[in-house]
1. So which pairs qualify, if the first residue must be in the stretch 266-292 and at positive phi, the second must be in a loop (DSSP other than H, G, I, E, B) and not small (Gly, Ala, Ser), the Cβ gap must be under 6 Å, and the two must be at least 6 apart or on different chains?
2. With respect to the numbered conditions (1) touching a Gly at 6+ places or on another chain (Cβ under 9 Å); (2) under 24 Å from Ala59 (Cα atoms), which one is the sole condition not fulfilled by Ala227?
3. Only one of these is modelled with pLDDT under 95 and in contact with a Lys or Arg (Cβ under 8 Å, 6 or more places away or on another chain): Met302, Met296. Name it.
4. Looking at (1) modelled with pLDDT of 90 or more; (2) part of a loop (DSSP other than H, G, I, E, B), which is the one condition that is false for Arg72?
5. Would you mind telling me which numbered condition in (1) open to solvent by less than 30 Å² (accessible area, probe 1.4 Å); (2) outside any strand (DSSP E or B) Met297 fails?
6. Which pairs turn up if I take residues in the stretch 241-263 that are open to solvent by 40 Å² or more (accessible area, probe 1.4 Å) and look for partners that are part of a helix (DSSP H, G or I) with beta carbon separation below 7 Å, at least 6 apart in sequence or on another chain?
7. Filter the stretch 223-237 for residues that are within 37 Å of the chain's Cα centre (by Cα) and small (Gly, Ala, Ser); which is most open to solvent (accessible area, probe 1.4 Å)?
8. If you go through the stretch 188-220, how many residues are open to solvent by 40 Å² or more (accessible area, probe 1.4 Å) and either hydrophobic (A, V, I, L, M, F, W, C) or closer than 11 Å to Arg291 by Cα (or both)?
Amino acid sequence: MRTNENSRLHKLICGLALLLAITPLVYGQVTTPQTTAVERNIQSIPNGAKLKFKGVVIAREGETFRIRDRNRTDYQVLITDRTSVKANGGFLRSGKKYPVTEILRGLIVEVEGRGDSQGQLVADKIRFDESDMRAAITSDTRVTPVEENQQRIAGQMDELYAVAAEARNEATAANTRINDLDEYDVQEQAAVTFRVNSAVLSPEAKQQLDEFAAKAATAKAYSIEVAGHTDSTGSEAKNFRLSRARADAVIQYLAVNHKIPLRRFVTPMGYGKTAAVADNTTAAGRAQNRRVEVKMMLNRGMSQSPKSTPVSNKP
């Protein structure tokens, strides 16, 4: 009789031990999604509060993007016309300026700005390393599978950093794409001409720019290059000033009449008479050279279009 009681007691103790061992696993499975939901909330920034931090871009939509720091805290960042976007410069030189369209998913950036009434960070400065830009372009096509995995599994930010690090290690083997960061695909282009010694847009030139702006209105993530030119008449200094004035006139018309944000424009350039497309010894040739060329471009790392015309922005 005593033996049977001892046996039942032994079985009861074993059953309780097994139950205690299983309980943490069960509760861990229930609470994991709740923890994930909290981690994915966007951190609100107090209105007017100044903040500077470093993280990786995990999503981009219009004029805003989401950034996640190493603590897995997400912030919503707003880009404005006053936002300065540059690569970190080397010794005794400032970094290269970039249009805001260059901010890609997977790019590690340092952001400085102030909070607004919506809890977003209004960016004053955005800085990044050139090597991180090359890595982000290489890994852009690989980010989507990682993001889908993040939606199913909590804490995948470490994996995204690992992808970025791996892409940097593969940069040497990806020379075809990485070494051509300054190459763009031209989506639309126009060339408007001017009268002698004039930077005033003619009705025909305005019509050409109207058609160009209508196509830009439906585009996304684009930048516009504006280059002014002259014929060979006049002094070199005068031609450089005149060509730049013509480029500025085109930008002003597109910005004022078609509300194209200034951040879409690459710094305009006046080339004077140095880039003639026709014979300057004839009146017809000089008329063709008195022009401004306007190009709407997408960085080749952001868009691969079989119908676009590749051009180089290298000097």
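The values are calculated or read from the model by the stated rules, or taken from the named source; none is laboratory data. Values in this document were obtained by computation on a predicted structure and should not be read as measured data. As a convention, Cβ positions derive from the backbone with ideal geometry for all residues, glycine included, and neighbour counts pool all protein chains shown. With ligands, DNA and RNA removed, areas are computed over all heavy atoms of the protein, side chains included. Shrake-Rupley method; radii C 1.70, N 1.55, O 1.52, S 1.80 Å.
1. Going by the 6 Å Cβ cut-off, the qualifying pairs are Gly272/Thr230.
2. (2) is the only condition that Ala227 fails.
3. Numbers: Met302 fails: in contact with a Lys or Arg (Cβ under 8 Å, 6 or more places away or on another chain).
None of the others qualify; the one that does is Met296.
4. So the condition that Arg72 fails would be (1).
5. Answer for Met297: the failing condition is (2).
6. These pairs meet every condition: His258/Ala213; Leu262/Ala255; Arg263/Val100.
7. Only one residue fits best here, namely Ala237.
8. If we filter the stretch 188-220 for residues that are open to solvent by 40 Å² or more (accessible area, probe 1.4 Å), which is where we start, we get 188-189, 191, 193, 195-197, 200, 203-204, 206-208, 210-211, 214-215, 217-218, 220.
If we keep only those that are either hydrophobic (A, V, I, L, M, F, W, C) or closer than 11 Å to Arg291 by Cα (or both) as well, we get 191, 193, 195-196, 200, 214, 217.
Of the residues in the stretch 188-220, 7 are open to solvent by 40 Å² or more (accessible area, probe 1.4 Å) and either hydrophobic (A, V, I, L, M, F, W, C) or closer than 11 Å to Arg291 by Cα (or both).
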